[in-house]
1. Taking all protein chains together and a probe of 1.4 Å, list 131, 289 from the most accessible to the least accessible.
2. Amide H neighbours of residue 211 under 5 Å, at least 5 residues apart or on other chains, H built in the peptide plane: list them.
3. Which net charge results when you count Lys and Arg as +1 and Asp and Glu as -1 among the other residues whose beta-carbon is under 13 Å from that of residue 172?
4. Hey, if we sort 83, 317 by accessible area with the 1.4 Å probe, largest down, what's the order?
5. Given a Förster distance of 25 Å, report the FRET efficiency between residue 128 and residue 217 from their Cβ-Cβ distance, rounded to the nearest 0.05.
6. For 151, 325, give me the order by solvent-accessible area with a 1.4 Å probe, most accessible first, ignoring ligands, DNA and RNA.
7. Which links in 62/233; 178/232; 67/233 stretch past 27 Å when you go from one Cα to the other?
8. Order 264-277, 164-177 from most to least packed using the mean count of other Cβ atoms within 10 Å.
Amino acid sequence: MQYFGNFRGISVPDKKSERGTFIFVLFLCFTQCITSSPPSLFSQETSKTARASAVIQSSTEKLHRLKTIEANIRMDIVVDDVEFSARGRYEEQAVRRPDLSDFYRCMYRLELNFVMDSALTPGATPNRMTVVCHISDAANRADDEVWRYITVEGKKVISYVKLAELDQALRKSLAAGKPAPCTAINEVWNLGGLIATLRQLERFYDFNDHAEEAVLRDMEKTPLWKLTGSLKKGRLETLLESHGGVGKKGSYPDDLPSDIEIHFGKEDGFPYRITYLNRPTENSPKRSVLSRMSYYDVILNGTAIPATRFPPLKQVELQEAIYNTENHTQTIIKSLGL
C-alpha cells in the first residue's frame, strides 16, 4: 500500500511493518477517502437510469440543505484475503456564520473503533480514531479547529489544524488573484463534512455516464442509484508509479483502489455505501472489494446535536491528560500553496 504515501502527517508503513499499525493506517486512508437538480437533467433517461453527474449534483445540493446528519457506520477492509471491520458513528451539524466560507459549513464528528485480534484480552481498549471539527461563535473564532485523536496499540496522538489561520491564508491568496484550491481544502480532514467526501471522489474518479437502479440487502425499501467509476488517468498513473508501475501483461496491483461504487438514496441523495475495488488481474479475473464504508440508522434533519459532541481540543487535552499535540496548520497551508 505504498501508493498512499504520507497521508496528511501520518507515515504509512509497508506490509513488513507491525500489522496492527498497518491496518489502522488503511482505515485512516479510506476514511479520508466525502436545491434538487433541474428535472431536465433526468428527462431524457429511462426510469432505470439517470445521468451520473446529475445524481452527484443532486446529492451535494440536498446534503447542503440539511441541518443535521446522524448515522452509524461500518467500515470493512480486506488485506491479504483477511477482512477487518470497524464500527463507529458520524454526526454533522450545519453552522451558519457570515464570516465563514463554505469550506467550514458544518461541525462534524467521526468515530471509528476496531479490534485487530478477535481474541482481544477482556477489558483491553480497542484501537480508535476520532475526528472533530469544532466551530465556536464569531467572538471566539480563534478556537475554530479540526482535530484528530488516535489511539492505536496503546499509543495516543492528537493533531490539529487551526481554521482561523487557514481561512486567513485562503483570503489572502484570493485577494492576490489566485484561484481557491476548493477540492484540496476539502481534503484537509474532510472540511465540509460529507459534501467534502463527494467532492474528493469527483476529483479522483471518473464516473460512468449513467447511474443504475440498485438494491442493497437490509435496504430493500430504499430506492437507490448505483454509480460506478475508475481512477482518473493522471491519478492512476501517479499511484502506479509510486507502487512500482503496471505488472506483467498490463496487470494492476491487487491492492490498488482503482475502481469505485457509490450507492445514493434516490429521494434523499444520501451516499449510503461507498465501495473501493481493485481491477481484474492475471491471478484474479474478477474485481474484489478492498474497502467498504456503509452508513445505517441514518437520521437526516433530526433534533439539534448537543454542542458537547463537538468540543474544542483544549477540553479533550484536559480530560485525557494529553499535552503532546501536533499542530499541522502551517504544513497544510504550505501544501495547499497558500
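1. 289, 131
2. 50, 51, 52
3. Values: positive: 171, 178; negative: 165, 167.
That works out to 0.
4. So, going from the largest accessible area down, we get 83, 317.
5. Details: r = 27 Å, r/R0 = 1.09.
After rounding, the FRET efficiency stands at 0.35.
6. From most exposed to least exposed: 325, 151.
7. Violating the 27 Å Cα-Cα cut-off are 62/233; 67/233.
8. 264-277, 164-177
The values are calculated or read from the model by the stated rules, or taken from the named source; none is laboratory data. Since we're looking at a predicted model, the values are computed, not measured. Using ideal geometry, Cβ is built from the backbone for each residue, glycine included, and neighbour counts are taken over all protein chains shown. Only protein heavy atoms, including side chains, enter the accessible area calculation; ligands, DNA and RNA are left aside. Shrake-Rupley method; radii C 1.70, N 1.55, O 1.52, S 1.80 Å.
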